[in-house]
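Working notes for the structure below.
The values are calculated or read from the model by the stated rules, or taken from the named source; none is laboratory data. Keep in mind it's a predicted model, so treat the numbers as computed, not measured. In this analysis, Cβ positions are derived from the backbone assuming ideal geometry, glycine residues included, and neighbour counts consider all displayed protein chains. All accessible areas refer to the heavy atoms of the entire protein, side chains included, with ligands and DNA or RNA removed. Shrake-Rupley method; radii C 1.70, N 1.55, O 1.52, S 1.80 Å.
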Amino acid sequence: MTLRDISAIADPIERARAVSRAMTEQQGITEEAARVRRGAIAEAREAGHSLEEIAKALGVTPGRVSQMRKGPAAKAPAPPVSQDPKVIVQRALPTDPATRGSASLFLTEAERQGITPGRRMLYVGVEPASDHVAACLHVQAGDEVIARRKMMTANDIPVRIATSYFRADLFTGTRIAEPEFVSPSLQAALTALGYAFGHAEETLTARPATRFEADTLALDPGEWVVQVLRASYSTEGTPVHTLETICAATRHIFTIGQVGGLDEF
């Protein structure tokens, strides 16, 4: 984006973030260009050209050419930049059943940690299933599924995007497809529809953030996310609920529970 494009962004926060990204990219280009220029000057000197000849060709003084050859002046080491995240949220794996059955898993976990939680609905509707969601729900990639997408905040800082996916052929026309939060809980609504929990499969994957994830979670350039994918099935094996939680990697600690009496040192 050009500076004119950035200046036209209406949202001031997004405009500031776009400027920061552009400055970071420009800094990288400037440093690489300086390195290439130093190499060209060194090659010209090896070929027998004097500093005066090079300076005349570049329209600068011989002293400036000498500076270009040496690169930036040596600087005192900068103090270490703190890598402490803005907020740390614990995420238990597997989740305690009582917590998962509460009105909100995130609200319950955050309050126990002394964090002020928040959530807002980003989207409720149908969308094409991605490959991994389709595999969990036993449908074809690209088939329409119901998506319920929320953003979670801790102390007003975005930390997670949680999307619940449901088969459209099973849940269209039910409370699951309605736009507001489901009361008293999503678990209660599924039970009321006649589904009894059978088992779940949960995977955790660390990966670079997509553009949507980086923008929604206000991530720094290059920051990664942790994707927790949980596929839940009824006692009959019906794929009832797939939950994809995208966690800002630097704002989470994942605590892994072990089964007592069945482990070893």
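Observations
- Counted charge near MET121, where neighbours are those whose Cβ lies closer than 9 Å (Asp, Glu -1; Lys, Arg +1): +4
- Largest first, the extents of the alpha carbon coordinates of the chain on the three principal axes equal 87, 48, 33 Å.
- Over the range 113-198, relative contact order from alpha-carbon pairs under 8 Å, at least 6 apart, %: 26 percent
- Normalised per residue, the volume of the convex hull around the Cα set of the range 152-264 (Å³): 166 Å³
- GNM flexibility winner over the chain from ALA218, ALA47, ALA188 (Cα, springs under 10 Å): ALA47
- Remark: the ALA192-GLN258 segment gains 20.6 nm on full extension, using 0.36 nm per residue and subtracting the alpha carbon distance.
- Count Lys and Arg as plus one, Asp and Glu as minus one, and take only other residues whose Cβ is under 11 Å from that of ILE9; the net charge is then 0.
- Calculated Rg and Dmax of the range 141-217 using C-alpha coordinates, Å: 14.8, 38
- Semi-axes of the equivalent ellipsoid of the range 108-165 are 29, 11, 8 Å, computed as sqrt(5λ) over the eigenvalues of the C-alpha gyration tensor in descending order.
- Seen from ALA42, the other residues with C-beta closer than 13 Å to its C-beta sum to a net charge of +4, counting Lys and Arg as +1 and Asp and Glu as -1.
- Each of GLN90 and ASP169 was given a label point 7 Å from its Cα along the Cα-to-Cβ line. The distance between the two points is 4.3 nm.
- Surface accessible to a 1.4 Å probe, per residue, for the residues of the chain, Å²: 61 Å²
- Estimated purely from DSSP H runs of n ≥ 4, each contributing -39500 (n - 2.57), the mean residue ellipticity at 222 nm for the chain is -10000 deg cm²/dmol once divided by its residues.
- The chain, relative contact order in percent, only Cα pairs under 8 angstrom and at least six apart counted: 16 percent
- Apolar share of the accessible surface for the chain: 56 percent from carbon plus sulfur atoms, 1.4 Å probe.
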